[in-house]
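Chemist: Would you mind keeping the following structure in view while I ask a few things?
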Amino acid sequence: MKKSILLLVLLVSLFSCKQEKTDQKKNLTSKPNVLFIAVDDLNNWISPIQNFSNVKTPNFDKLAKMGVTFTNAHVQAPLCGPSRASLMTGLRPSTTGIYGMTPDNQIRRKDNPATKDITFLPEYFEQNGYHTMGIGKLFHIHAPDSVFNESGGRVRGFGPYPKKRFVWDGFGTSKSKKEKYGRTSTDWGAFPENDTLMPDHQSVNWVAERLQRDYEKPFFMGLGFLRVHVPLYVPQKWFNLYPLDKIETPPYKADDLNDIPNVGMQINDLPMMPSTEWAKESGEWKKIVQAYLACISYVDFELGRVLDALESSKYGNNTIIVLWSDHGYRLGEKGTFAKHALWETATKGPLLFAAPNLPKGKKVKSPVEMLSIYPTLLELSGLPAYKRNEGNSLVAMMQNDSGIDNSYALTTFGMNNHAVKKDGFRYIQYEDGTQEFYDHSIDPNEWNNVANNPKYKAQIEEMKKLLPQTNAKWDAKSNYTFQPYFVEQKARIDSN
């Protein structure tokens, strides 16, 4: 009798354990997957947002119809390295001191108190039961070692490159300062012959193949596009979409910078990039814009391949999609062709979410931060919040407009240089206390700095309160050697 009872207890115990494991597995596999898409140097010209020069981006339109588009999203730094480090750590540059380019494996270090024990976004998903994968440019280069369970790596550079290239001089008229500036691969043209030769095409192949696999866990998959980063090379067929005589050029005012403080002018001293005046005089302005639009349409095509692959997979109905850019890009605005500024066209980039529990086709015009991507993905996935996140989840805003009236965005470029976007205004404060202020209701191009106009005194004081209280010193491994101001600022701060 005792043996029978013992056997019965053992069977019940085994069944309970098996049922518990089954329930755990069912709960885990019911979690949504995440498709995390980064596009390098993409501004807001895409058709769901600005539709500049009748740009052709049907797949961005398709994604926008699937979910929510933020038309006023801003990065935390107008430079790829610190922008991506901020997004992936969930921390502001002013908290980490990562104001410049930092090797992927040096973002988290024992001698940086802010990042020494930080959990990167993909790692948080892995710690909560996800299988993580990534390919392309996700952090500054690709990703720190072992961040992903599966890594497809990244093709080095931003090729392919033709044998004969026009490369912008890189030094401009500052011949006496050659040693102080870096060079960029800023050139443009039709190359290579077909899309299959582009690294982004191979990255999409990698993603599409993995979307056909079976997984025991939900997955987090990162895809980092290299275009539209310079050089602006894509096959000829994408250029054919944009005849030169139909190309628009962005708004430009030759004396626009006459009311900019000295620090702002130092930051904007970029002879390694083409100037707008040169582009006008040489007849290259429309050609550069044409090449940028061609690159956007190429990325749109590859995005379409990703969306098709997801739709044809078993994961199409249970996958969160987020698409973002690491900063905006100036195509002649404010005198140059570059990011590298605290003005609107440098800080603003696309941000789109699609998920089973989000509205479809919604657009949000209030300013938000790319820093919010980390906490938003956690909430959409049903994961516990990560207490270290400095950004705020956007889920309530997307679902019921909660917080729209009070939202703002903060961007930092170098130590103690900040811009705040709120209520249709932009406020900039530089390290020496000098200021810029723009009223977008009457000056959307930010041509008139009205920081000294008493009409805006109260608004400026309110926006000052949103500046970060912490301004960490430059991280030891973070540098930006392309621009003399940042080299000098870091050296000055390190010597004090």
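Chemist: How much net charge surrounds Y242 when only other residues with a Cβ under 12 Å from its Cβ are counted (Lys, Arg +1; Asp, Glu -1)?
Modeler: Charge balance in the 12 Å sphere: +3.
Chemist: So what's the back-of-envelope 222 nm ellipticity for the chain, counting only DSSP H runs of four-plus at -39500 (n - 2.57) apiece and dividing by all residues, rounded to 500?
Modeler: -9000 deg cm²/dmol, from helical runs alone.
Chemist: Per 0.36 nm of contour for each residue apart, how much would the distance between E248 and F166 grow if the chain were fully extended, relative to their Cα-Cα spacing?
Modeler: Stretched fully, the E248-F166 segment lengthens by 27.2 nm.
Chemist: Which order results if D245, D443 are arranged by neighbouring Cβ count within 10 Å, fewest first?
Modeler: Final ranking by Cβ density, sparse to dense: D245, D443.
Chemist: While we're on this one: Which option, (1) 77, 56, 35; (2) 72, 53, 41; (3) 98, 52, 42, is the value of Cα extents along the principal axes in Å that was calculated from these coordinates?
Modeler: (3)
Chemist: Report the label-to-label distance for Q202 and N54 in nanometres (one decimal), using points 7 Å from each Cα along the Cα→Cβ vector.
Modeler: Each label point lies 7 Å from its Cα, and together they span 3.7 nm.
Chemist: Whose amide H sits under 5 Å from the amide H of G316, counting only residues 5 or more places off or on another chain, with H placed in the peptide plane?
Modeler: Those qualifying (amide H under 5 Å, at least 5 residues apart or on another chain) number zero.
Chemist: To continue, here is another question. What are the ³J(HN,Hα) values, in whole Hz, obtained from phi via the Karplus relation 6.51 cos²θ - 1.76 cosθ + 1.60 with θ = phi - 60°, for each residue of region 317-333 in sequence order, with x given for Gly and Pro?
Modeler: For region 317-333, the Karplus curve yields 8, 9, 10, 7, 10, 10, 10, 8, 10, 7, 4, x, 7, 8, 10, x, 5 Hz.
Chemist: Under 8 Å for C-alpha pairs, at least 6 residues apart: give me the relative contact order for the chain, rounded to a whole percent.
Modeler: 25
Chemist: For region 362-370, take each phi angle, set θ = phi - 60°, evaluate the Karplus expression 6.51 cos²θ - 1.76 cosθ + 1.60, and give the result in whole Hz per residue in order, putting x for glycine and proline.
Modeler: For region 362-370, the Karplus-derived couplings read 8, 10, 10, 9, 6, x, 9, 10, 5 Hz, x marking Gly and Pro.
Chemist: Amide H to amide H, which residues 5 or more places from E150 or on other chains are under 5 Å from it, using H placed in the peptide plane?
Modeler: T132, M133, G134
Chemist: Quick one: order R154, R213 by neighbouring beta-carbon count within 10 Å, fewest to most.
Modeler: Fewest to most other Cβ atoms nearby, the residues stand as R213, R154.
Chemist: Counting other C-beta atoms within 10 Å, which of S151, S297 has the fewest, and how do the rest follow?
Modeler: Lowest count first: S151, S297.
Chemist: Relative contact order, percent, of region 327-454 when contacts are C-alpha pairs under 8 Å separated by at least 6 residues?
Modeler: 16
Chemist: For region 48-57, take each phi angle, set θ = phi - 60°, evaluate the Karplus expression 6.51 cos²θ - 1.76 cosθ + 1.60, and give the result in whole Hz per residue in order, putting x for glycine and proline.
Modeler: So the J values, rounded to whole Hz, are x, 10, 9, 6, 5, 6, 6, 4, 9, 9.
None of the figures in this text is laboratory data; all of them are computed from the coordinates on show. Note that the coordinates shown come from a computational prediction; the quantities given were computed from them, not determined experimentally. When we count neighbours, we look across all protein chains shown, and the Cβ atoms used for this are built from the backbone with ideal geometry, even at glycine.
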